[in-house]
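The structure under discussion appears below in the form of structure tokens.
The values are calculated or read from the model by the stated rules, or taken from the named source; none is laboratory data. Note that the structure is a prediction, hence the values are computed from the model and not measured. Glycine gets a Cβ as well: all are built from the backbone with ideal geometry, and neighbour counts include every protein chain shown. In case anyone asks, the SASA skips ligands and DNA or RNA and just uses the protein heavy atoms, side chains included. Shrake-Rupley method; radii C 1.70, N 1.55, O 1.52, S 1.80 Å.
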Amino acid sequence: MRSAGSLLRRGGTLGPRWARQFRLSAETQSPAGLKLMLIRHAESQNNVLQREVEERVRLGQITPEQATKDWLAGRVTDPPLSAKGERESHLLSKHLGPKLVQTGGAVLVSSPMLRALQTTAPLAREQASSSAVDIQKMFPGFLTDMLPPTGAWNQFQTEKEPRDRWFDRAVSVSDWVQSPEVRDMADGRPLVMVVHSTFMDLLLKAVLHLPMTHGDDGGSFFHTDNTSMSTLFIPQTWSDGMTGPGPTLLSSNATPHIPTGGA
């Protein structure tokens with residue numbers, strides 16, 4: 001049996017089932033929908049440690065087992081940005097900030113972890129911890145009313161957060177960003193969220209209704225570089241009642257603000 005691809009290459013016809021049709025984009029069909037932009041935080045000091053450890057493995061200097069031990073021994077719970085990360089965050093701000101201003105601004109939402117807040121701050125044009133009070137002091141323009149005041153988001157300091165909690169958080173946030181309330185709150189502006197690599201992978205899968213698997217378990221994984229942007233569009237008809245075209249992935253892991261040689 002010849003594949004559809006072979007028929008096309010040989011100039012064959014695929015019949016009515018495969019006839020090319022004009023299709024309006026989801027944005028054209030539902031212009032009042034929500035544009036969701038997910039941004040991975042800039043490079044943190046833990047990212048630097050991981051890169052150094054992985055390089056030693058590639059050079060054959062240490063085993064993967066020793067690399068894991070070195071990484072766990074050197075990492076910190078809530079790392080700040082590295083010097084490169086600070087450059088990345090400013091490059092992101094210079095690239096994206098004017099675009100958001102031209103389109104009426106954006107709703108900015110950040111993870112409460114320090115590396116994400118430091119990435120968001122230049123973009124928010126504000127100066128921004130382990131508690132809601134600390135965040136308000138360091139980053140005065142940031143609203144923390146959605147956070148538990150004692151910093152419950154950072155409760156897993158001595159051991160890793162259980163895997164099922166990752167999935168639960170991703171599904172919960174996915175439901176939130178697809179709700180009419182968030183669309184109305186954005187009021188035509190993009191919703192920009194600064195988050196973390198693993199969480200972004202799971203959130204993309206949840207919004208796009210893909211299998212909720214983790215790369216470490218043999219599943220697929222959306223790789224994202226530091227300060228990369230992945231953009232989705234959620235039609236109004238979908239958020240109102242899950243009818244019509246569903247969420248569309250417009251771009252993934254885009255870093256047009258990073259020079260070819262790096263930040």
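Can you run phi through the Karplus equation (6.51, -1.76, 1.60; θ = phi - 60°) for segment 212-223 and list ³J(HN,Hα) in whole Hz, with x for Gly and Pro?
7, 10, 10, x, 5, 9, x, x, 6, 8, 7, 6
What's the local net charge at GLU181, with K and R +1, D and E -1, over the other residues with C-beta under 12 Å away?
Here the count lands on -3.
Tell me, what is the 1.4 Å probe accessible area of THR227, in Å² to the nearest 10?
Counting only protein heavy atoms, the figure is 0 Å².
For the modelled label position 7 Å from the Cα of ASN253 along Cα-to-Cβ, which residues of segment 191-231 have backbone nitrogen atoms closer than 11 Å?
Inside the label zone: 221-226.
Round to the nearest 10 and report in Å² the accessible area of THR103, as given by a 1.4 Å probe over the protein chains' heavy atoms.
Its heavy atoms expose roughly 90 Å² to the probe.
How high is the FRET efficiency from TRP71 to VAL171, r the C-beta distance, R0 30 Å, rounded to 0.05? All intermediate terms of the calculation are to be shown ahead of the outcome.
Numbers: r = 29 Å, r/R0 = 0.95.
The pair TRP71/VAL171 has a calculated efficiency of 0.55.
Starting with the highest mean, order 252-259, 89-96, 54-61, 235-242 by the number of other Cβ atoms within 10 Å, averaged over the residues of each peptide. Spell out each step's value before the answer.
Numbers: 252-259: 14.9, 89-96: 19.9, 54-61: 11.0, 235-242: 17.2.
Top to bottom by mean Cβ count within 10 Å: 89-96, 235-242, 252-259, 54-61.
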